[in-house]
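Read through the structure below, which is laid out as structure tokens, and then see the notes.
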Amino acid sequence: MILLKNATVYTPEPAGRKDILIAGCIVAIDSDLVVHVPNLNVIDCTGKIAVPGFIDNHVHIVGGGGEGGFRTRTFEISFSDLVRAGITTVVGCLGTDGVSRSLEALYAKAKALEEEGVSSYIYVGSYRVPVVTLTGSVIRDLVLIDKVIGVGEIAISDHRSSQPTLEELKRLAADARIGGMLSGKAGLVNVHVGDGAGMLQPLLEIVKGTEIPVTQFLPTHINRNSRLLNSSIEWLSMGGFIDLTTSVSDLLDDELLPWRAFQEFLAEGFESQVTFSSDGQGSLPRFDEKGNFVGLGIGKVSTLYEQVRLAVEHGTPLEKALLPITKNVATILKLRSKGSIRVGMDADIVLLDQDLNIDTVICGGKILMLNKEQLVKGTFESESSYNCP
Ligand code: FWO
Ligand code: ZN
């Protein structure tokens, strides 16, 4: 059992100075908790801020890329990169390359990360429609495979998409919806929106032309250009969700940085409809106006929290700035035991120091990092070989 003493708690709502008792999950949150149990691990959190563990809802955990040929295939995520970024829950996906990347590998990597100490889920599919699946059907994948929470990242309005028809997208969203219903999961369709002129139009047509609710979709990369960002107001006004990509270091305009865009959406009353994700290990390819590949970078999970901290440094209250990587993501993805510090929730907690640096990371009640020292490493990150615990 772990007792966090005297932390300044943001659930994300500000809860003041509190003690938090952890026994597997969060079992008590109160002032001056007195606990008499043997081997209680007491951690003095005076001067530290306790926030919910961060959720990154879009990471190419087995690697991605490939748009410039074989040498541009990116490498997989390391457990330590997630821990150092305060990420206690990660959702893995495939992207452009659904040939040399498989869902079997994605699933195995998600299981590996879970064994190493973080929570993990996956989307089935990749950019392309028809969707690649594990069991041959999106509905069966959602009903039969616990880690599957939806489909993605399905590409639209992009020269690299499969140019899906509206009928194909409708059927895909309908299958995800039913699979989600039958399994009690979100059944979310994570949609990669490219730089194409179509922007969110295909999704708007589906929502307007069928019974499928706007909340079935989570379109991402909405901050990739100003036209798309501005067009998303219509989608948000319909109650839709949007996801902003934080690995966008090459975007020069301030307004496209997630922290800045989120401040606008906060001001317009959309605080619960916006999430951030890093696109970690995904490629950030650049093409010229003729569609020729001119180079690429790689997404970094460390950018996820960086954008939250930048929002705070530019005046956003911490309890609001945390929403796109904690409570909002958990609500939209229906990760019911995640995203908030409350009794009964998973003990996924990050402690921040006075400068808002990540200091301690606890996932599922296990201390992965304490006072900036990583205690739990990935399988081959501690020594040259792995010894069974
Ligand atoms: C974005 C992932 C993009 C992969 O448009 O979609 O390419 O498969 O690894 N990345 N295609 C990056 C922009 C948002 C900057 C991906 C990539
Ligand atoms: Zn994408």
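Report yes if Y127 is surrounded by 21 or more Cβ atoms within 10 Å (Cβ to Cβ), under 15 Å from Q216 (Cα atoms) and either among the aromatic types (F, W, Y) or modelled with pLDDT under 95 (or both), otherwise no.
no
How many of the residues making up the stretch 342-360 are within 26 Å of N190 (Cα to Cα) and assigned to a loop (DSSP other than H, G, I, E, B)?
Counting residues in the stretch 342-360 that are within 26 Å of N190 (Cα to Cα) and assigned to a loop (DSSP other than H, G, I, E, B) gives 2.
May I ask you to say which residue of I122, I61, I55, I139 is buried (at least 20 other Cβ atoms within 10 Å of the Cβ) and within 18 Å of V350 (Cβ to Cβ)? Break it down into steps so the answer makes sense when it comes.
On the way: I122 fails: within 18 Å of V350 (Cβ to Cβ); I61 fails: within 18 Å of V350 (Cβ to Cβ); I139 fails: within 18 Å of V350 (Cβ to Cβ).
Residue meeting the stated conditions: I55.
In the stretch 292-314, how many are within 22 Å of V9 (Cβ to Cβ) and surrounded by fewer than 24 Cβ atoms within 10 Å (Cβ to Cβ)?
Result for the stretch 292-314: 3.
Scan the strands (runs of 3 or more DSSP E) fully inside the stretch 1-48 and keep the ones with 1 or more residues being touching a strand residue (DSSP E or B) at 6+ places or on another chain (Cβ under 6 Å) and of a type in the set (K, R).
Correct list: 2-10, 14-23.
What strands (runs of 3 or more DSSP E) completely inside the stretch 59-169 contain at least 3 residues that are among the small types (G, A, S)?
Of the strands (runs of 3 or more DSSP E) lying wholly inside the stretch 59-169, those with at least 3 residues that are among the small types (G, A, S) span 148-156.
What do you reckon, is A112 aliphatic (A, V, I, L, M), within 16 Å of ligand 1 (Cβ to nearest atom) and either more than 15 Å from the chain's Cα centre (by Cα) or at pLDDT below 95 (or both)?
In short, no.
Tally time: how many residues in the stretch 265-294 are more than 12 Å from ligand 1 (Cβ to nearest atom) and either farther than 20 Å from I332 by Cα or touching a residue at least 40 places away in the same chain (Cβ under 8 Å) (or both)? Reasoning before the result, please.
So in the stretch 265-294, the residues more than 12 Å from ligand 1 (Cβ to nearest atom) come out as 265-276, 288-292, 294.
So of that shortlist, the ones also either farther than 20 Å from I332 by Cα or touching a residue at least 40 places away in the same chain (Cβ under 8 Å) (or both) come out as 266-267, 271-276, 288-292, 294.
Matching residues across the stretch 265-294 total 14.
Got a sec? Which of G98, G92 is out of contact with any strand residue (DSSP E or B) (no Cβ under 9 Å at 6 or more places or on another chain), within 16 Å of ligand 2 (Cβ to nearest atom) and at pLDDT 95 or above?
G98
Which of (1) farther than 21 Å from R336 by Cβ; (2) buried (at least 24 other Cβ atoms within 10 Å of the Cβ); (3) within 16 Å of ligand 1 (Cβ to nearest atom) does S100 not meet, given it meets every other one?
Tallying (1) farther than 21 Å from R336 by Cβ; (2) buried (at least 24 other Cβ atoms within 10 Å of the Cβ); (3) within 16 Å of ligand 1 (Cβ to nearest atom), S100 fails exactly one: (2).
The rows are residues; the columns are (1) more than 18 Å from F276 (Cβ to Cβ); (2) within 16 Å of ligand 1 (Cβ to nearest atom).
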position: A174; (1), (2): yes, no
position: L188; (1), (2): no, no
position: V191; (1), (2): no, yes
position: E205; (1), (2): yes, no
position: G209; (1), (2): yes, no
position: I212; (1), (2): yes, no
position: T220; (1), (2): no, yes
position: N225; (1), (2): no, yes
position: E234; (1), (2): yes, no
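I need the full set of residues from the stretch 179-217 which are assigned to a loop (DSSP other than H, G, I, E, B), more than 16 Å from ligand 2 (Cβ to nearest atom), at negative phi and touching a helix residue (DSSP H, G or I) at 6+ places or on another chain (Cβ under 8 Å), in order please.
Kept after step one, since they are assigned to a loop (DSSP other than H, G, I, E, B), are these residues of the stretch 179-217: 184-187, 194-200, 210-213.
Subsequent filtering for residues that are more than 16 Å from ligand 2 (Cβ to nearest atom) retains 184-187, 197, 210-213.
Subsequent filtering for residues that are at negative phi retains 185-186, 197, 210-213.
K185, A186, T210, I212, P213 - these are the residues of the stretch 179-217 that are assigned to a loop (DSSP other than H, G, I, E, B), more than 16 Å from ligand 2 (Cβ to nearest atom), at negative phi and touching a helix residue (DSSP H, G or I) at 6+ places or on another chain (Cβ under 8 Å).
The values are calculated or read from the model by the stated rules, or taken from the named source; none is laboratory data. Given the structure is predicted, the values throughout are model-derived calculations rather than measurements. Note: ideal-geometry Cβ built from the backbone for every residue, glycine included; neighbour counts use all protein chains shown.
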